[in-house]
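Student: Just dropping this structure here.
The values are calculated or read from the model by the stated rules, or taken from the named source; none is laboratory data. Fair warning: this is a prediction, and the values are worked out from it, not measured in the lab. Neighbour counts are summed over all protein chains in view; Cβ atoms, including those assigned to glycine, are modelled from backbone coordinates with ideal geometry.
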Amino acid sequence: MQTILGQVFLTISTTGTPDRPATDLGFLLHKHPDRAQAFSTSHGAAHVFYPEASAERCTAALLLEVDPVALVRRGKGKGRGGAPDAALAQYVNDRPYAASSLLSVALATVFKSALGGVCRALPERAVAPLPLRIEVPALPARGGAELVRRLFGPLGWERVEVAQVALDEQFPEWGASRYVRLVLEGESRLADALRQLYILLPVLDDAKHYWVAPDEVDKLLRAGEGWLADHPERPLITRRYLSHRWGLTRQADQALELVRLAESDDLDVDSVDNAVDESTDTEEKPVPLAEHRRTAILEALRGAGAHRVLDLGCGQGQLVQALLKDVRFTEIVGVDVSMRALTIASRRLKLDRMGERQAGRVALQQGSLTYTDKRLKGYDAAVLSEVIEHLDLDRLPALEYAVFGSARPGTVLVTTPNVEYNVRWESLPAGHVRHGDHRFEWTRAEFREWAAKVAERHGYTVAHLPVGPDDPEVGPPTQLAVFTLTDTATDKNNEKKKGAEAA
Ligand code: SAH
């Protein structure tokens, strides 16, 4: 019987300097440049060899011989009803075999230590960027060259060259194949480059044929460390890498969101607001805008008769601290996604030294507001002070549902900057938002429109209040919306609950 072997490969090159020979690449990859080596992987044999290995220039090649028979056999064992699935058939029919998830698996098997950034011989080289050139001559790319650029473009490479491969070079009139030739050039840590390929090759392939186990999420998070959380194509990457499995994708996204927010939390909103505030008022000592905001929120909470209060996106705990000073607030829960912010909040509140009674009134907990959370149900009021503008607009409906649809407190207070007022901040260049992490800032009309829809969708009424000096032309610097759950909505909810209990 004839066995057809498909071959897929990639090359990794580096250049050397007098004190750093290029052949160090062999140490970093844990594969000696003088020897060709073969490894068996579950899909066929992988070979590592060095087409060139001098002090000036060194290239390592990884070649995978895909064994279609082994593939089909594996597929039969695992596939539904014993039939190899369509994606598998595609692999078997793909000739020449292109770089794919198989190559990614081989990469992780053969260069395991390098992927982990481990090198006992040259530890300092393993963690330092080196001049790299990576070439994948035939990369199957669903989404074409354009998507390849979107995926590798934001990763800091100096050159990302993507060329569509012709279906058959001898017959250019046949047009382009679904493969591209990819060349990446720039300074990068070897481990980072390998991790990017490990994730992005199967993402581009989008036909990962093997069973996606829950530990794929961990693999994704580990290999994505340092570059995935912030990647503009993150949703597509997680979705495709996890083979469109919604539960796993959601899990990965939640974890990555926590990472991103923890990283972007390095700016202190209040200090920025206060600095801007001070520049506008020269006569009396200005009241910081943050203090105006807290006063307005406290008044609204008292007005609503709230006792048990959630501070959602509590940041460093200034509002929680103010709430603690008023005994009418019997239970105060601060929630934030950033561990760093919560640690600072806990220090500010001196939680560890608090008397038992005080401590019994307050809790800080980590959580993301874009996911429903049972712990948030049943409170009198929730505050979202300067939080919504930190979310991407397309995540806002998720927060809306988690707060107004699921937690459903009697009162919800939302504050957000009024972008019209920005012209009054002398230090703020035109068209700029007030804080580096603001994803958007709204006009009064935009905020009212959003608030009205939210209220209508979830059975609340809404009233708007100014915070800070209300400018006749551009309005106040901060806008506050007070949402109140209507009785009929509460009744409906109770009925539903009763119905569920009875059932
Ligand atoms: N409420 C505070 C802090 C506002 S800064 C104040 O008024 O001063 C915004 C805060 O929202 C940050 O602490 C940030 O970590 C938090 N945050 C942003 N997105 C979040 C999310 N999805 N879930 C929970 N907290 C979030």
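Student: Looking at LEU376, LEU393, can you tell me which residue is modelled with pLDDT of 95 or more and more than 10 Å from the ligand (Cβ to nearest atom)?
Tutor: Details: LEU393 fails: modelled with pLDDT of 95 or more.
LEU376 is the lone residue from the list that is modelled with pLDDT of 95 or more and more than 10 Å from the ligand (Cβ to nearest atom).
Student: Within the stretch 124-141, can one find any residue that is farther than 22 Å from CYS58 by Cα, out of contact with any helix residue (DSSP H, G or I) (no Cβ under 6 Å at 6 or more places or on another chain) and surrounded by fewer than 16 Cβ atoms within 10 Å (Cβ to Cβ)?
Tutor: no
Student: Moving on to the next point. Within the stretch 334-355, does at least one residue satisfy the condition of being of a type in the set (Lys, Arg), assigned to a helix (DSSP H, G or I) and free of Cβ contacts under 8 Å to residues at least 24 places away in the same chain? Give the derivation first.
Tutor: Of the stretch 334-355, the ones of a type in the set (Lys, Arg) are 340, 347-348, 350, 353.
Filter once more, so that each one left must be assigned to a helix (DSSP H, G or I): 340, 347-348, 353.
Still in the running and free of Cβ contacts under 8 Å to residues at least 24 places away in the same chain: 347, 353.
The answer is yes; a qualifying residue exists.
Student: When you go through LYS497, LYS453 one by one, which is the residue that is surrounded by fewer than 20 Cβ atoms within 10 Å (Cβ to Cβ), at pLDDT 90 or above and farther than 19 Å from LEU289 by Cβ? Spell out how you get there, then give the answer.
Tutor: On the way: LYS497 fails: at pLDDT 90 or above.
Exactly one of LYS497, LYS453 is surrounded by fewer than 20 Cβ atoms within 10 Å (Cβ to Cβ), at pLDDT 90 or above and farther than 19 Å from LEU289 by Cβ, namely LYS453.
Student: Quick one: which residue in ALA430, ALA481 is assigned by TED's automatic domain parsing to the domain that holds ILE297, surrounded by 14 or more Cβ atoms within 10 Å (Cβ to Cβ) and either part of a loop (DSSP other than H, G, I, E, B) or modelled with pLDDT of 95 or more (or both)?
Tutor: Numbers: ALA430 fails: surrounded by 14 or more Cβ atoms within 10 Å (Cβ to Cβ).
Of ALA430, ALA481, the one residue that is assigned by TED's automatic domain parsing to the domain that holds ILE297, surrounded by 14 or more Cβ atoms within 10 Å (Cβ to Cβ) and either part of a loop (DSSP other than H, G, I, E, B) or modelled with pLDDT of 95 or more (or both) is ALA481.
Student: Here is a check on your reading of the model: is GLU356 within 9 Å of the ligand (Cβ to nearest atom) and farther than 16 Å from PHE483 by Cβ?
Tutor: Working: within 9 Å of the ligand (Cβ to nearest atom): no; farther than 16 Å from PHE483 by Cβ: yes.
Criteria not met by GLU356.
Student: Just for the stretch 288-323: of the residues that are at negative phi and away from the ligand (no atom under 15 Å from the Cβ), which one is surrounded by the most Cβ atoms within 10 Å (Cβ to Cβ)? Show your work before the answer.
Tutor: So in the stretch 288-323, the residues at negative phi come out as 288-304, 306-312, 314, 316, 318-323.
Next, from what is left, pick out any that are away from the ligand (no atom under 15 Å from the Cβ): 299, 302-304, 306-308.
Details: GLU299: 12, ARG302: 12, GLY303: 10, ALA304: 19, ALA306: 23, HIS307: 15, ARG308: 17.
Only one residue tops the list, namely ALA306.
Student: Considering only the stretch 362-388, state which residues are surrounded by 17 or more Cβ atoms within 10 Å (Cβ to Cβ), over 24 Å from the mean Cα position of the chain (by Cα) and without any contact (Cβ under 8 Å) to a residue 60 or more places away in the chain.
Tutor: Selection gives VAL362 alone.
Student: Mind listing just one residue for me: the one in the stretch 411-424 that is surrounded by fewer than 20 Cβ atoms within 10 Å (Cβ to Cβ) and not polar (S, T, N, Q) and, of those, farthest from the ligand (Cβ to nearest atom)?
Tutor: First, the residues of the stretch 411-424 that are surrounded by fewer than 20 Cβ atoms within 10 Å (Cβ to Cβ): 422-424.
Pick out the ones that are also not polar (S, T, N, Q) and you get 423-424.
Details: VAL423: 23, ARG424: 20 Å.
Residue satisfying both the conditions and the ranking: VAL423.
Student: Please state which one of ALA60, ALA55, ALA70, ALA36 is buried (at least 18 other Cβ atoms within 10 Å of the Cβ), small (Gly, Ala, Ser) and at pLDDT 50 or above.
Tutor: On the way: ALA55 fails: buried (at least 18 other Cβ atoms within 10 Å of the Cβ); ALA70 fails: buried (at least 18 other Cβ atoms within 10 Å of the Cβ); ALA36 fails: buried (at least 18 other Cβ atoms within 10 Å of the Cβ).
None of the other options fit; the residue is ALA60.
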